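One structure below.
The values are calculated or read from the model by the stated rules, or taken from the named source; none is laboratory data. Just so it is clear, the model here is predicted, and its values are computed rather than measured. Here the Cβ positions follow ideal geometry from the backbone for every residue, glycine too, while neighbour counts run over all protein chains shown.
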Amino acid sequence: MIEHLDQQLFLLINSHNSPFWDQVMYAISGKIIWVPLYLAILIWLGINFKKRFPLILLFLILAVALADQGSVQIFKNVFHRLRPCHEPSLEGVVHLVKGHCGGLYGFVSSHATNSFNVALLSLMFIRKRWYTISILIWATVIGYSRIYLGVHYPGDVICGALLGAIIGWSVYKLYELTEKEIIKKGNRKRNKKAEQSNSEVRTF
């Protein structure tokens, strides 16, 4: 029942297309086009967090690895749900742009997982209303582009978005805990040094 509704919603979205939007959605779904955005985020974090940036970068790398590999190893390679463009019952019906379909399986969408992971994790650091709205719209448009291009069902994108958001939020919370522990250790060391200095002064 759910899969049938997912398929019908896919056909509804995928059937609304045009040569102009084919080019736009194909570009939006690309990876290299967004490199300047990723660099801009890293530069902003580096400028605003300075000494904490190396630790933040470490957790960003962790989040990207978890999202990218998790969407493939834990979902695509386990659930084996065919992409709509590989589904025999939809042959000749799917609007496919430039004949590009991708791998055999599509649940969940790695594009959606990765984009919402980047969105959630970065907005936890960049706490600006305009940024939160913009980055969530960006992630949503990328997810929509995957349906438009005929390579994912809406369910693939929605579940991928949820997975990415959960990973992004979880990694941020892990970062917070790690940072607190580092601060505690630093405070303990300073306190020990202060106690030793006071002891030496009293002895003298």
Qualifying residues in the range 65-98 (those that are over 19 Å from Ile167 (Cα atoms) and among the acidic types (Asp, Glu)) - the one surrounded by the fewest Cβ atoms within 10 Å (Cβ to Cβ): Glu91
Yes/no for Cys101 being at negative phi, surrounded by 13 or more Cβ atoms within 10 Å (Cβ to Cβ) and over 22 Å from the mean Cα position of the chain (by Cα): no
Matching residues in the range 47-99 - criterion: being touching a residue at least 40 places away in the same chain (Cβ under 8 Å) and hydroxyl-bearing (Ser, Thr, Tyr): Ser71
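To keep it simple, each residue is scored yes or no on (1) among the hydroxyl-bearing types (Ser, Thr, Tyr); (2) in contact with a Leu (Cβ under 9 Å, 6 or more places away or on another chain).
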position: Thr113; (1), (2): yes, yes
position: Phe116; (1), (2): no, yes
position: Leu120; (1), (2): no, yes
position: Arg129; (1), (2): no, no
position: Ile133; (1), (2): no, no
position: His152; (1), (2): no, no
position: Glu176; (1), (2): no, no
position: Ile183; (1), (2): no, no
position: Lys189; (1), (2): no, no
Filter pass, Arg146 being within 21 Å of Ala40 (Cβ to Cβ), basic (Lys, Arg) and at pLDDT 95 or above: no
Pairs with Cβ under 9 Å, 6+ apart, first in the range 7-28 and surrounded by 13 or more Cβ atoms within 10 Å (Cβ to Cβ), second in a helix (DSSP H, G or I) and polar (S, T, N, Q): Gln7/Ser89; Val24/Ser145; Met25/Ser145; Tyr26/Ser145; Ile28/Ser145
Considering residues of the range 140-173 that are more than 16 Å from the chain's Cα centre (by Cα), of a type outside the set (Val, Ile, Thr) and part of a helix (DSSP H, G or I) only, the residue farthest from Ala65 (Cα to Cα): Tyr148
